[in-house]
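Student: Before anything else, here's the structure in question.
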Amino acid sequence: MISFLKLIRYQNLLMVLLTMILTKYALVHYLFPQAGLTNFDFALLSMSVLFITAGGYIVNDIYDVDVDKINKPKKVIVTASISKRNAWVLYSIFSLIGLGLGVYLSIDKHLYNYIIFFIATTLGLLVYSVYFQRIPLIGNVLIATLCAFVIYVTKVFDLSMSGEAFDNAFEKLGPIKLSFWLLLYYFFLRISFGITLIREILKDIEDINGDYNGRYQTLPILLGIKRTRNLVIFLSILLFLYTILAAWASIHFDFLVVTYTLFGISLLLLSFIYKIWSANSKKEFSQLSNLLKIIMLLGILSIGLFKFI
């Protein structure tokens, strides 16, 4: 059971679920109470996303067995605790359930175009494991996009069910507050994308030995660790400046609770930039990866602040 939970990355799945819950009930539902997804519909959407995500983790472990034996030998699940055959069975079950739930919800709500969301995500995770993770940057960008997609799909499904949602929100909140909501929403999308992209590149630095033996063409292998680390520093500085800009906007609109949170994220990013400047060992890069997880969690939890705006 423990091996199975580790295989599907239950901790990451809990973060995905928390992100969806806060996006719906602290962000969309609070500002757009007429949003259309019922609690049951939202449960279906959440289960679809979680099953597809879990399937992505499983298939990634299947294709990464050889490199994982070098990069993290004590954490190998497939072949060590679960056979490849059983892993493929689990991947098929999880992906089909997730895809089926997403397709059913789209058809039930007459949102036929949204079926492509679930098909593209399922195929995207498979293609990433088979091909994209072996080439520079494209795989990193794909995973970062899919992580930000969790926030997007929750909002777009909910609001698509109520054509008057924005009109009612405009009347309830006024143009300034609604504009600031949109600013923060896109901030959450971008910070989710940015942190995930940085962390994915950082993980490539951690895993350079196994990836090299697996003949992957990741950024650290092509550019070297030092240049890739400099790229991570550059991206982190951009994200830091963007967070400061969002915090400044919060002050301008007098949303102090949000301002403090954004400055908190900024300080953690600044700490990350300072520490990575001199990082060289696998252990140091792993610690920095965990710091990014903390920043990401703080960003997720800050979605709940919409209740206080």
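The values are calculated or read from the model by the stated rules, or taken from the named source; none is laboratory data. Since this is a predicted model, take the numbers as computed values, not measurements. As a convention, Cβ positions derive from the backbone with ideal geometry for all residues, glycine included, and neighbour counts pool all protein chains shown.
Student: Could you please let me know if Thr79 is over 16 Å from Leu125 (Cα atoms) and in contact with a helix residue (DSSP H, G or I) (Cβ under 6 Å, 6 or more places away or on another chain)?
Tutor: Judged against the criteria, Thr79 is a match.
Student: Follow-up question, since we're still on this one. Which members of the stretch 185-230 meet the condition of being β-branched (Val, Ile, Thr) and over 15 Å from Gly139 (Cβ atoms)?
Tutor: Result: Ile191, Ile195, Ile225.
Student: Tyr260 - would you say it is part of a helix (DSSP H, G or I), modelled with pLDDT under 85 and farther than 23 Å from Leu291 by Cα?
Tutor: No, not satisfied.
Student: Please enumerate the residues belonging to the stretch 69-128 that are more than 16 Å from Phe157 (Cα to Cα), of a type in the set (Val, Ile, Thr) and not in a loop (DSSP other than H, G, I, E, B).
Tutor: Selection gives Ile70, Val78, Ile82, Val89, Ile93, Ile97, Thr122, Val127.
Student: Filtering the stretch 71-83 down to residues that are touching a residue at least 40 places away in the same chain (Cβ under 8 Å) and buried (at least 16 other Cβ atoms within 10 Å of the Cβ), which residue is farthest from Met1 (Cα to Cα)?
Tutor: Asn71
Student: Turning to a different aspect of this structure: From the set of residues in the stretch 212-227 that are out of contact with any Asp or Glu (no Cβ under 7 Å at 6 or more places or on another chain) and in a helix (DSSP H, G or I), which is farthest from Ser289 (Cα to Cα)?
Tutor: Asn213
Student: If you don't mind, there's one more thing I want to ask. From the list Leu13, Leu37, Leu22, which residue is touching a residue at least 24 places away in the same chain (Cβ under 8 Å), out of contact with any His (no Cβ under 7 Å at 6 or more places or on another chain), of a type in the set (A, V, I, L, M, F, W, C) and not in a helix (DSSP H, G or I)?
Tutor: One residue alone meets the criteria, Leu37.
Student: Are there any pairs, at least 6 apart or on different chains, whose C-beta atoms fall under 7 Å, with the first in the stretch 122-150 and surrounded by fewer than 19 Cβ atoms within 10 Å (Cβ to Cβ) and the second modelled with pLDDT of 90 or more and of a type in the set (Gly, Ala, Ser), and if so, which?
Tutor: From residues that are surrounded by fewer than 19 Cβ atoms within 10 Å (Cβ to Cβ), the pairs are Leu142/Gly124.
Student: Looking at the stretch 159-167, can you tell me whether even one residue there is surrounded by fewer than 21 Cβ atoms within 10 Å (Cβ to Cβ), more than 22 Å from Ala54 (Cβ to Cβ) and modelled with pLDDT of 85 or more?
Tutor: No, because not a single residue in the stretch 159-167 is surrounded by fewer than 21 Cβ atoms within 10 Å (Cβ to Cβ), more than 22 Å from Ala54 (Cβ to Cβ) and modelled with pLDDT of 85 or more.
Student: As an exercise: evaluate Ile195 against (1) part of a loop (DSSP other than H, G, I, E, B); (2) at pLDDT 70 or above and give the number of the one condition it does not meet.
Tutor: Result: Ile195 fails condition (1) only.
Student: Can you tell me which residue in the stretch 8-23 is modelled with the lowest pLDDT, limited to those that are surrounded by 18 or more Cβ atoms within 10 Å (Cβ to Cβ) and out of contact with any Leu (no Cβ under 7 Å at 6 or more places or on another chain)?
Tutor: Restricting to residues being surrounded by 18 or more Cβ atoms within 10 Å (Cβ to Cβ) and out of contact with any Leu (no Cβ under 7 Å at 6 or more places or on another chain), the top hit is Thr23.
Matching residues to (1) at pLDDT below 95; (2) under 28 Å from Asp68 (Cα atoms):
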residue	(1), (2)
Leu101	no, no
Leu105	yes, no
Asp108	yes, no
Tyr112	yes, no
Val130	yes, yes
